Every structure is written in structure tokens, then in C-alpha cells.
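K.L.:
Once you've had a glance at the structure underneath, I'll fire off some questions.
The values are calculated or read from the model by the stated rules, or taken from the named source; none is laboratory data. In this text, all values refer to a predicted model and were calculated from it rather than measured experimentally. Because the Cβ atoms are built from the backbone with ideal geometry, glycine has one as well, and the counts that use them run over all protein chains shown. To get the accessible areas, we keep the full protein, side chains included, count just its heavy atoms, and leave off ligands, DNA and RNA. Shrake-Rupley method; radii C 1.70, N 1.55, O 1.52, S 1.80 Å.
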Amino acid sequence: MSTPLIAALLSAAAGVLFTGACLDRAGSNASRQPVSAPPPMADEALVDATVTVGTQDLGPMPQSLRAGVFTFAAVPPGSPDRLLTTELKPGAVETALGHFVLRHAQNPDDAVRLVARLDEFLIEVDRSGGVLTFGFSKIPRWLSSRPNDFSPAMEDDTTPVAEVSPPRDYEEWAGLVERVVGHIKSLGIDARYKIGWEPNTPIWAGTDREFFEYYKYAVLGARRADPGAKVGGPGVTDLPPLKPFIQYCAQPPLPELGYDRLPIDFVAIHRFGAHPHTTYDLIVNKSRLWLEQNGYNANATEVYVAEWSDPPAFLDPAHDGPYTASYVVASMVAMDSAGVDLHSFTSLLDQERSESTEFNGSFGALTKSFVKKASYNALHAMSMLGERRINVTTDDDWVFAAAGRDGPDRVTVVMTNYLPRPDIMRRGAIEWLLLNGHTYAELGALGGEREVMDLISGRADPQGSSASPELKRSLVQLRREMREQSSTVNSRAKRPTNVQLRLEDLGWTGPARVTEYRVGAQHANAQANAAAIDQIVNAERQAIQQRVLQDMSRRLLAAGLSEDEVRMWDRFADASDKRRLREQLTGEQRQTLIRTVDRAMQILDEELTPAVERINSRDAVRLAPIRSGNVQIEPGKAFPVRMLPHEVVVLVFEKP
């Protein structure tokens, strides 16, 4: 329960946070009433885009339009798992086993014990229609070929080489995977097992051949535990490394299971800063081409964008605000259009937990204390689409839309006015060339990305380059289109976009109730209230800090650490002190300390839940209706709607 101090702070801050609204006991706006007015109408003299909603039933809502999320850590009890399976309609939910199981497990039995902590959550996600994916991405130190190498695997990353090196014994590695998959199978879950995490970067400390063996033996273990287990990988950060992975898998037999090649049930790729019009088309195009060329059934193999977000930087204020919310909707619509089967947004929770502020610019739909960001509200908006998808079209490059139906009397439309950054425009230009018959080798012969962009932008003359005549013509055409697109994006960034929403036929005529929701600078955007939220959460943390420290001290002392060693906890939050402390402890003591830290974080999160739930209930933070009204539905009727740059608009039409 919140302390009296926190209750007072909540009440006092409400005027700053929520424009004077009083907090009632349930934390809701008891005095708020819907505004009896239709959605704001745009100036019909200027229509930038027309979105047309039809009545064609396109089947059940696909996983590509559901809220897929990625998480590095075990989901703690309380708000996050409840939100994921109540407010959101989960899609592909990836749990990175490497980070909270393989890193900490002392043996196969311990690995199963750690996974079992999530059983209730996993079953609930499965019941809610989500697709559970488990990522095998690390090696326990007791199974590592370099167990004592604590140096960072790559710059600006604390992951030690020991955890991302090849196993010292591949058969033992297969046995560990077999135990984990066996437990998950016992839950009755139809899961996917993603093997590998960005092995084309230094975060994999072995060779390509060693990674391929890592994949092979993980497949062996998974299929021994569950002959029907869906396996795939490799979670690369770019398309070209996917090709040799597929080529390798097509060659070695797996006689232990009677296979003439390694199975690939899905290909997984990570993509940050994608261009909605080109990136996902290219991923699907090349993945299916390479699968087909190597004898796999491309149409039966899922394409999984296993991590994605924007901006690509680990810390960027845009992650916390409306830009990323708009990117979420645009990307989900684009992935669905391109034929991507599954996706997991990076990530459910903030990945950076050491900052004093909730809004540190980290990847995540929820802050470290589970406050809803704008990107969470975008996922929530897409979850409002309903159970059945209906057809929707847009005649504009930068207005993205999806529509769905819940029963015969409710239709929901989600739209966003997404405007890409210049670097995304550049990526899109190069991907357009690859989609239009040109090859990686052909572009590589011109130099790097900068040289190609010089030819596209006009800083260099294509006619004087070594490009083929066909490529020269493409570069000239692309230059013209890039200028037109840049002009449109720059213009739209300075003013609202006017959209005409045309309803061909909702299935009924006559009166309807329309309710409007928005995510943007002025709505469902906790970042706009960051200072007040930080005040509340930090005060609550301080109020419970003593309890956490006392519990931690008791657990460490019970594990045999001395009082001097226990006092090291005071410095543990600092990254350099953390590493020094871990290096001073024995392996068993180190694991005890890690588990204690994990337990302490759970206690803190559980204690924070009441205060955070009060914050999340506020209209300034949650996806809340901002107005509603009665309208008359007629076939072909248009509703002009004005959207600010990077704003998400949800309109729900209901028959009375």
C-alpha cells in the first residue's frame, strides 16, 4: 500500500500532472464526462489523404496486427503481465532465456526451475492468443568454452565473452536445451524456439561455423524433447548474413533424428529504423527467395521480425514519446502488408533500469516501473481492432491505417500520420534499388552507403559512375522520387494532415456512436508529464528502500557472505562497482548475489505497483476516450479528421 506521504504527493501532483483532475479512490476521473461532439473535422478544401474502409471480411486478426513484444528479463508479478493479457491482445511474445535463465542457471535442473517461475504467465499468454517464443542466446559459464573471460563481448555492452562463446561440449548444450524445451512442452504450449541473437555482431564470440554448430545442437535438443517443436533463427541484424545461415542448414543431415537437413520453421531477423515501404518487403522477398533456392518450402516458413523499434540508438528521448508510437502503428501495418508473419516490439519493459528518471530514452513500451509510454498506448490502440480484420486502403504514402470488427455492430479504425527521419529515407532509397532488380554486389561496387546516396541525391553524377546503364536509370528515377517525398515529409512536419475517412459500408445504416482516442503530444503521452511522474515514483522508491535493503542483507548473510561483503550491495547499482563486486566473489556466491538482486528488484516492483497503477489510470497517461458523439452512417459517407505529425487516431463506430 502507498504511504501517507505518497498519497499526499499523488494528490498534490495531480494538479500538475492531470490539469486539476481530482484523484478518487479508484484512481479514475470520476468527474470526466464524454464530450458530446463528433471527431474534429478538417478543412475539406485541403485533403491530404483518403482512407477508405470497406466491409470485406479478411479473416481473423493476424498475429502481425497483434501486440508482439520482446522482453530481456523474466516478467515480474503485477502490472506488466496483467496489462499484456488484458489491455493488449498479445502477438508473438519473446522471452530471452539467455538473459534470465542461461546466464544464471548453475545446472540443467536449475535452468528448468528458473523457467518454471514463468509458468503461470506463459499459460495466460497462450490462452490469450499470443505466440510464445523462447530465445536461446547465451551459454551458462559452466558450459562455456571460455568460462573465465569476463571482458565485454563488444563496446558499450556489459555482456562478458564467457556468456556468448561456443559451448565447450555441444552434446551437453543439446541436453540443456532438451531439458528446457521438455518443461515448456509439459505446459501444453505450442511455442517457437529462436536460436541465436545477432551472431553477425561481436555479441557472438565464436566463428560462423561455431554458431552453425550451436544452432544444430540446439535443434537436436529441442526436437528430442518435442518432435514437433518449431525451431528457427538466427536473429541477425541485417539481411545478407541470413543467406549463409540458410545455406548451411540445407546441407548437414541430422541422422540422430532421421533428418536430411536442419529444419527451419521460421527465419528471424532484428531490424531497427525500418522504412515502412521497403524494409519489410525486402525482408520477406529475400528470405523466401533464399529459402526456395535451398530447397525449403518458403511459403510454409514463417518470417519473424524478432526485434524492432526506432530510433535505433539504445538511449533516445524519442523512445518515450509520440514519434515511436506512430512508428509502431506504421510498422505493424507495413509488416502485415509485406507478409511478415510474426513480430516482437523491443521491448515490453525498459532495458535501462539504472537511471534516476523513469523516462531515460530506453527501448521499452513501459518504463522501468511499468508506467505506460506512448508506444504502449499505440500497441493498445492496435489491440482495439477486434477479432476480425476488414479491408482498408489509403491513397497516401505517410498515412497508415488498419480496421477491424468486433461483432456486427462495432468497427474500429486506427490511423497514424508517420513521417520518417532522413536516415530512414536513405535506407528506403537503397532498399528500393534492391527491390527493383539490383543486387548487393552491384551496389557494393559503387562503394558504401554514402557513395550510393551521393549518386541518388545529386552530389555525384550517376553517368560518371561505374554503374550499369540500368542502375544509372534507376538512380536518376530514384533521385526525382526522393526529392518529391522529402518535400512532402518536410511540409507535413510543419502542419496537421487532413484525412478524409470514407466508410463504404459498415454493415448498417442510420445512427451510430463514434468515440475518438488519440496518442500524441497532447494525449496518452506520459513523457509530457515526466517531472511529476518521476517525483511520485522516486518518493515511493525511497519509502520502501529500507525494506528492500533489509531483505537483501538477510538473504546474503544466510548465503554465507560476511558483513563486509553484504555492505558491497550499497555500491551495486553502479556498473563499475557491480563488476568489481562480482569478480571478488566465488562462482556460487556470485550466483547467490545475482539471485538476491533479482529478488530485491521484484520486491521493489511489487511495492511500486499501487502507485504506478494510479499513474496509469490517468487520462494523460492511458489511452482514454477524448470525445464521443452521435453520427449518421450512410454508404460512402466521409468523416474528415485532422492529425498532427506522428499522431495516432482511433475511431470506434458502434451501432446503438
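K.L.:
Listed residues PHE363, PHE359; which is surrounded by 24 or more Cβ atoms within 10 Å (Cβ to Cβ) and either farther than 27 Å from LEU282 by Cα or touching a residue at least 40 places away in the same chain (Cβ under 8 Å) (or both)?
P.N.:
It is PHE363.
K.L.:
Among the candidates PRO469, PRO422, PRO408, which residue alone is over 27 Å from PRO240 (Cα atoms) and not small (Gly, Ala, Ser)?
P.N.:
Residue meeting the stated conditions: PRO408.
K.L.:
OK, next. Suppose we keep only residues that are in contact with a strand residue (DSSP E or B) (Cβ under 7 Å, 6 or more places away or on another chain) and at pLDDT below 95 within the stretch 320-355. Which one would you say is surrounded by the fewest Cβ atoms within 10 Å (Cβ to Cβ)?
P.N.:
GLU352
K.L.:
Now for a separate question. Which of the residues spanning the stretch 287-316 are farther than 30 Å from ASP156 by Cβ and of a type in the set (D, E, K, R)?
P.N.:
Hits for the stretch 287-316 are ARG288, GLU292, GLU302.
K.L.:
Go through the stretch 296-308 and report how many residues are open to solvent by less than 20 Å² (accessible area, probe 1.4 Å) and either of a type in the set (Lys, Arg) or in contact with a strand residue (DSSP E or B) (Cβ under 7 Å, 6 or more places away or on another chain) (or both).
P.N.:
Looking only at that region, the number is 7.
K.L.:
Hey, among PRO276, PRO311, which residue is under 17 Å from LEU348 (Cα atoms), within 16 Å of the chain's Cα centre (by Cα) and in contact (Cβ under 8 Å) with a residue 24 or more places away in the chain?
P.N.:
PRO311
K.L.:
Now a separate question. If a residue must be in contact with a strand residue (DSSP E or B) (Cβ under 7 Å, 6 or more places away or on another chain), more than 15 Å from ASP208 (Cβ to Cβ) and not acidic (Asp, Glu), how many such residues does the stretch 242-265 contain?
P.N.:
Number satisfying all stated conditions: 3.
K.L.:
Here is a check on your reading of the model: is LEU419 under 29 Å from the mean Cα position of the chain (by Cα) and either surrounded by fewer than 16 Cβ atoms within 10 Å (Cβ to Cβ) or part of a helix (DSSP H, G or I) (or both)?
P.N.:
Taking the combined requirement at face value, the residue does not satisfy it.
K.L.:
Go over the candidates PHE100, PHE70 one by one and state the one that is modelled with pLDDT of 85 or more and surrounded by 20 or more Cβ atoms within 10 Å (Cβ to Cβ).
P.N.:
Going through PHE100, PHE70 in turn, the sole match is PHE70.
K.L.:
Considering the stretch 384-395 alone, what residues qualify as being touching a helix residue (DSSP H, G or I) at 6+ places or on another chain (Cβ under 9 Å) and not in a strand (DSSP E or B)?
P.N.:
Matches in the stretch 384-395: LEU385 only.
K.L.:
Residue by residue through the stretch 494-522, note down the ones that are basic (Lys, Arg) and open to solvent by 20 Å² or more (accessible area, probe 1.4 Å).
P.N.:
Scanning the stretch 494-522 gives LYS494, ARG495, ARG502, ARG513.
K.L.:
Restricting to the stretch 136-169, name every residue that is open to solvent by 10 Å² or more (accessible area, probe 1.4 Å) and touching an Asp or Glu at 6+ places or on another chain (Cβ under 6 Å).
P.N.:
The answer is VAL161, and nothing else.
K.L.:
Between residues in the stretch 217-237 that are surrounded by fewer than 19 Cβ atoms within 10 Å (Cβ to Cβ) and residues that are among the polar types (S, T, N, Q), which pairs lie under 7 Å by C-beta distance while being six or more apart or on different chains?
P.N.:
THR237/ASN200; THR237/THR201
K.L.:
Would you pick out the residues in the stretch 430-487 that are free of Cβ contacts under 8 Å to residues at least 40 places away in the same chain, open to solvent by 40 Å² or more (accessible area, probe 1.4 Å) and of a type in the set (A, V, I, L, M)?
P.N.:
Across the stretch 430-487, the qualifying residues are ALA441, ALA445, VAL476.
K.L.:
What number goes with the only condition from (1) charged (D, E, K, R); (2) modelled with pLDDT of 95 or more; (3) open to solvent by 40 Å² or more (accessible area, probe 1.4 Å) that LYS373 does not pass?
P.N.:
It is condition (3) that LYS373 fails.
K.L.:
Please name all residue pairs, on different chains or six or more residues apart, with Cβ atoms under 9 Å, provided the first residue is in the stretch 243-272 and is among the polar types (S, T, N, Q) and the second residue is open to solvent by less than 20 Å² (accessible area, probe 1.4 Å).
P.N.:
Final answer for the pair search is GLN247/TRP290; GLN251/LEU262.
K.L.:
Identify the single condition in (1) surrounded by fewer than 20 Cβ atoms within 10 Å (Cβ to Cβ); (2) at pLDDT 95 or above; (3) under 26 Å from VAL131 (Cα atoms) that GLN293 does not satisfy, given that it satisfies every other one.
P.N.:
(3)
K.L.:
Next question, about the same structure. Within the group ASN616, ASN630, which residue is open to solvent by 40 Å² or more (accessible area, probe 1.4 Å) and either free of Cβ contacts under 8 Å to residues at least 24 places away in the same chain or touching a Lys or Arg at 6+ places or on another chain (Cβ under 7 Å) (or both)?
P.N.:
ASN630
K.L.:
In this structure, does ALA528 turn out to be modelled with pLDDT under 90 and open to solvent by 20 Å² or more (accessible area, probe 1.4 Å)?
P.N.:
It is false that ALA528 is modelled with pLDDT under 90 and open to solvent by 20 Å² or more (accessible area, probe 1.4 Å).
K.L.:
In addition: For residues that are in a strand (DSSP E or B) and open to solvent by 10 Å² or more (accessible area, probe 1.4 Å), scanning just the stretch 401-416, find the one that is nearest to SER491 (Cα to Cα).
P.N.:
ALA401
K.L.:
Still on this structure, please answer the following. Residues ILE269, ILE189: which one is open to solvent by less than 30 Å² (accessible area, probe 1.4 Å) and at pLDDT 95 or above?
P.N.:
ILE269
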